[in-house]
Amino acid sequence: MKHIGYLILINTTVALYLTYGLNSGQKFGANWVFSMLIGTSINLSIAFFRWLIWRDAKPHHLAFLILCVLAAPIGYYFGGAIGLAIYGYQVHAIFSISSYGNQFATILISLIAGFFFWNQTKIAELQAQQEKEKARSAAVERAAVQAQLQLLQAQIEPHMLFNTLANLQGLIAIDVDRAQHMLEQLIRYLRATLSSSRLEQTKLENEFELIHAYLELLTIRMGKRLRYQIDLPTELRQHSIPPMLLQPLVENAIKHGLEPKVEGGEIHVSANIEAPFLHIRISDTGLGLGAHYDENKTHPQHHSHVGNANIRERLNALYGDMARLHLEQNPEMGVTAHLYLPLAQNQMQ
């Protein structure tokens, strides 16, 4: 359509020049009809011979200009003959009214138009190549991001697994029944993890089910010292979320908040909409944040570097500045982790 638009513009310009520049004596309407017929005929002739000679290959620049010169008289006589027929004249009269000047002007216009369309084709090819390069770069970037996310995610799973196996080993020696129950819960947890941990996105209800299995596993070790509550509204169950975002936050709350506390405590996991975000809270009644805590600075050997810092890196890779993780001290006791994810990107398609 863009090519046709340019063709109409060139033909109209020629008609205006013939009518008001050369004072040919013909009305603009007639000159425009002839210009359109001749210009279109030349264009179709060039397209036909280009396809006939080069097919889908790219023509040589000089050879293409020569083709424009040869196609000009063909298009001139063919288009002019159609115009004469439209206005009721004898078709063969085109040979008597044509002149070398008309033919030369037609060839010149054909060369100009051919050169113009050649450049337009080159621009289109460059734009297509640029878009292709952008798509390739985007694909490479997505692959790199996905590889980074898998690497970051892989840091979490061995940590939790090693802790559980160590607890299981110690429990076997003193309480076989509890060890058996812990093994059953571990299998349940691993099954829940397997279904989503290698996916780019999982449903929020699956992630909450994973948290439930994880907390059930820990209650075997901590007993009455660990109490938990999970609240997920029905309307949020089908929202999508990157997998393994919540489990490190829950693990941090227990390891650094509830487990060191003699009487233990409670952990509460919930989700709600705070447009334009999906807001997930992990709140505990543990020891709270240290006096000099800075969530932007974590020691490389500290477990939170594998937890909170890991999540922030994943959020940055996935959403840039559109998502964030914030930890705050509760008014009475414990810590609340606030996870904000862009709502539009968590809708199930």
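The values are calculated or read from the model by the stated rules, or taken from the named source; none is laboratory data. Because the structure is predicted, anything quoted here is derived from the model rather than measured. Here Cβ is always computed from backbone atoms with ideal geometry, including for glycine, and neighbour counts include all displayed protein chains.
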Filter pass, Glu259 being in contact with a strand residue (DSSP E or B) (Cβ under 9 Å, 6 or more places away or on another chain) and under 24 Å from His181 (Cβ atoms): yes
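Can you pull out the residues in the stretch 4-62 that are in a helix (DSSP H, G or I), more than 47 Å from the chain's Cα centre (by Cα) and surrounded by 13 or more Cβ atoms within 10 Å (Cβ to Cβ)? Explain how you work it out, then say what you get.
Looking only at the stretch 4-62, we keep the residues that are in a helix (DSSP H, G or I), and these are 4-21, 28-54, 61-62.
Adding the requirement that they be more than 47 Å from the chain's Cα centre (by Cα) leaves 15-21, 28-34.
Ala15, Leu16, Tyr17, Leu18, Thr19, Phe28, Ala30, Asn31, Trp32, Val33, Phe34 - these are the residues of the stretch 4-62 that are in a helix (DSSP H, G or I), more than 47 Å from the chain's Cα centre (by Cα) and surrounded by 13 or more Cβ atoms within 10 Å (Cβ to Cβ).
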Of all residues making up the stretch 234-271, the number that are under 18 Å from Glu216 (Cα atoms), without any contact (Cβ under 8 Å) to a residue 60 or more places away in the chain, under 32 Å from the mean Cα position of the chain (by Cα) and not in a helix (DSSP H, G or I): 1
Residue ID - nearest to Pro233 (Cα to Cα), chosen from residues in the stretch 170-214 that are among the small types (Gly, Ala, Ser) and modelled with pLDDT of 85 or more: Ala213
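Yes/no per residue for (1) under 17 Å from Ile10 (Cβ atoms); (2) touching a Leu at 6+ places or on another chain (Cβ under 8 Å); (3) among the hydrophobic types (A, V, I, L, M, F, W, C):
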{"position": "Ala30", "(1), (2), (3)": "no, no, yes"}
{"position": "Val33", "(1), (2), (3)": "yes, no, yes"}
{"position": "Leu37", "(1), (2), (3)": "yes, no, yes"}
{"position": "Thr40", "(1), (2), (3)": "yes, yes, no"}
{"position": "Leu52", "(1), (2), (3)": "no, no, yes"}
{"position": "Lys58", "(1), (2), (3)": "no, no, no"}
{"position": "Leu62", "(1), (2), (3)": "no, no, yes"}
{"position": "Ala71", "(1), (2), (3)": "yes, no, yes"}
{"position": "Phe78", "(1), (2), (3)": "no, no, yes"}
Hits in the stretch 56-86 - residues which are modelled with pLDDT of 80 or more and more than 20 Å from Ile109 (Cα to Cα): Leu84, Ala85, Ile86
Qualifying residue in the stretch 200-215 (condition: in contact with a Pro (Cβ under 6 Å, 6 or more places away or on another chain) and of a type in the set (Ser, Thr, Tyr)): yes
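Check whether at least one residue in the stretch 188-196 is basic (Lys, Arg), in contact (Cβ under 8 Å) with a residue 40 or more places away in the chain and either surrounded by 14 or more Cβ atoms within 10 Å (Cβ to Cβ) or over 28 Å from Leu278 (Cα atoms) (or both), and report yes or no.
Taking every residue of the stretch 188-196 in turn, none turns out to be basic (Lys, Arg), in contact (Cβ under 8 Å) with a residue 40 or more places away in the chain and either surrounded by 14 or more Cβ atoms within 10 Å (Cβ to Cβ) or over 28 Å from Leu278 (Cα atoms) (or both).
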